1. Only one of (1) closer than 24 Å to MET278 by Cβ; (2) touching a Leu at 6+ places or on another chain (Cβ under 8 Å) fails for PRO419. Which number is that?
2. May I ask you to list the residues in segment 330-357 that are part of a helix (DSSP H, G or I) and crowded, with 19+ Cβ neighbours inside 10 Å?
3. Give the residue, chosen from LYS234, LYS270, LYS279, that is of a type outside the set (Phe, Trp, Tyr) and not assigned by TED's automatic domain parsing to the domain that holds CYS320.
4. So, in segment 277-315, of the ones that are in a loop (DSSP other than H, G, I, E, B) and in contact with a Lys or Arg (Cβ under 7 Å, 6 or more places away or on another chain), which residue ends up farthest from LEU368 (Cα to Cα)?
5. Could you check CYS320 against (1) over 30 Å from LYS234 (Cβ atoms); (2) buried (at least 16 other Cβ atoms within 10 Å of the Cβ); (3) at pLDDT 95 or above and say which number it fails?
6. Among what's in segment 395-431 and is within 15 Å of GLN246 (Cβ to Cβ) and among the charged types (D, E, K, R), pick the residue that is surrounded by the most Cβ atoms within 10 Å (Cβ to Cβ).
7. Is there a residue in segment 280-296 that is within 20 Å of the chain's Cα centre (by Cα), among the polar types (S, T, N, Q) and crowded, with 23+ Cβ neighbours inside 10 Å?
8. How many residues does segment 358-379 hold that are in contact with a Lys or Arg (Cβ under 8 Å, 6 or more places away or on another chain), assigned to a helix (DSSP H, G or I), within 22 Å of VAL260 (Cβ to Cβ) and not hydrophobic (A, V, I, L, M, F, W, C)?
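The values are calculated or read from the model by the stated rules, or taken from the named source; none is laboratory data. Keep in mind the model is a prediction, meaning the values are calculated, not measured. Backbone-built Cβ (ideal geometry, glycine too); neighbour counts: all protein chains shown.
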Amino acid sequence: MPLNARKTALQILNTLDKGHKTLDSILDDIMDKHPETLKREKSLLYALVYGVLRWKGRLDWIIAQYSRTKLNRINSTVLNILRLGIFQIIYLDRIPVSAAVNTSVDLAKRFAAPWVVRYVNAVLRNTVKGVHHITFPSVIDDPVNGLAVTKSFPKWLIIRWLDRFGTIETGTLCDAINDIPPITLRTNTLKTTKKKLLASLSKDVKSIHYTKYAPDGICFISPKISISELTAFKNGWFQVQDEAAQLVTHILNPQPNETVLDACAGRGGKTGHMAQLMKNTGNIIALDKDENRLSKLSSEMTRLGISIVSPKKYDLRLPCPQKAFPMFDRILLDAPCSGLGVLRRNPDTKWTMLPDRLVTSRETQIQLLSNLANLVKPSGVLVYAVCSMEPEENEEVVNRFLKNHEEFVIEQHVDDLTPLARSLMNEKGYLKTYPHLHHMDGFFSVLLKRTK
């Protein structure tokens, strides 16, 4: 059965509300089941889901202006139908207002009683009439409420950022996160050059250019066909990877013939980059606790023409006995974290992350670093990285680790970063990137060297 974008978008939003799955995993499941989905329907589906998640706070404010029922008393499915309808009315210029209202009412008919359908119709039509007269909380008079509503972020996150960045910069950061990010690739230099890759992609994408800081990166928007259908993808000429993530592997700077550990390898974005920098010689062990991710990693290495990676299932929360692992020249811990640095690509995290999770993440990250410390050779290096801009997961983790492991120091001289990329490192040796300042994901990374 063909995929219906609006109905599927509603199902995805309802599934997210249950809190058991991430947006990425839900979309992967759906696309696996509907590989024949037309590009038009897929594009609309992604626009609806990502749009509602980016602007949910603002949409809810608008709904509250026209609903006699308070938000917390509206059935979650009905609330998501209203969000989808109002998002189309306000943000999708190519969809006629009448179509946005009628298709939302049709969705309500599938799931709700007649009086609820009339309610949905009334809220949407009143929104259409009053859309240009809606008032929002003042950012000047009430920065927390004003930014939370107008920029669509949870209040606790706005409060944190206001304390660190101030009102103007917090607003700019929110705007950067709400922008639709470009697609960023990393050239697989084992198979091609950046120049050849750009030339091969130019006819199928818009606004293509080289990345500013990462030497092998390319950015573009609006591909005419899906990424997996591009000839360059099928040939293994690139991996999709944000520029900030590319810089992390350059900090690690793995060399040919070394023994390297990718401690939380996931699907292999940084694993592939390591092998590329190592000229596909040496040995990389790619650890992950999830068998499915490791299977996808193996397939990815095959596509890229990489032969030096050995996937291994292991839960790093357990101690890493030396008898079970070799000693490594270099280890990368791209640690599990809040993901608050990649909200522009994962807007669902805005609404599922809670402040106490930052403390939980910090303790896990310290534990993982400590478990890996004894696997680093003397004079070897351990790189800690997270896609988070929050102090609990950044400086606090490093400070605690160094306090408990005097055999490690921060290495501030990083050989494989370009001078421009090196400018992103502060005087303490921390590389920190921000969406609003550097037009890439928010990342933190540091190079820790074992001295004895």
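1. Here PRO419 meets the rest and fails (2).
2. Within segment 330-357, the subset part of a helix (DSSP H, G or I) is 340-342, 348-352, 356-357.
Hits for segment 330-357 are LEU340, GLY341, VAL342, ASP348, LYS350.
3. Working: LYS270 fails: not assigned by TED's automatic domain parsing to the domain that holds CYS320; LYS279 fails: not assigned by TED's automatic domain parsing to the domain that holds CYS320.
After ruling out the rest, the residue left standing is LYS234.
4. Just the residues of segment 277-315 that are in a loop (DSSP other than H, G, I, E, B), to begin with: 278-282, 289-290, 305-308, 314-315.
So of that shortlist, the ones also in contact with a Lys or Arg (Cβ under 7 Å, 6 or more places away or on another chain) come out as 289, 305, 314-315.
Numbers: LYS289: 13, GLY305: 30, TYR314: 12, ASP315: 10 Å.
Per the criteria, the residue is GLY305.
5. Result: CYS320 passes all but (3).
6. ARG422
7. The answer is no; no qualifying residue exists.
8. 2
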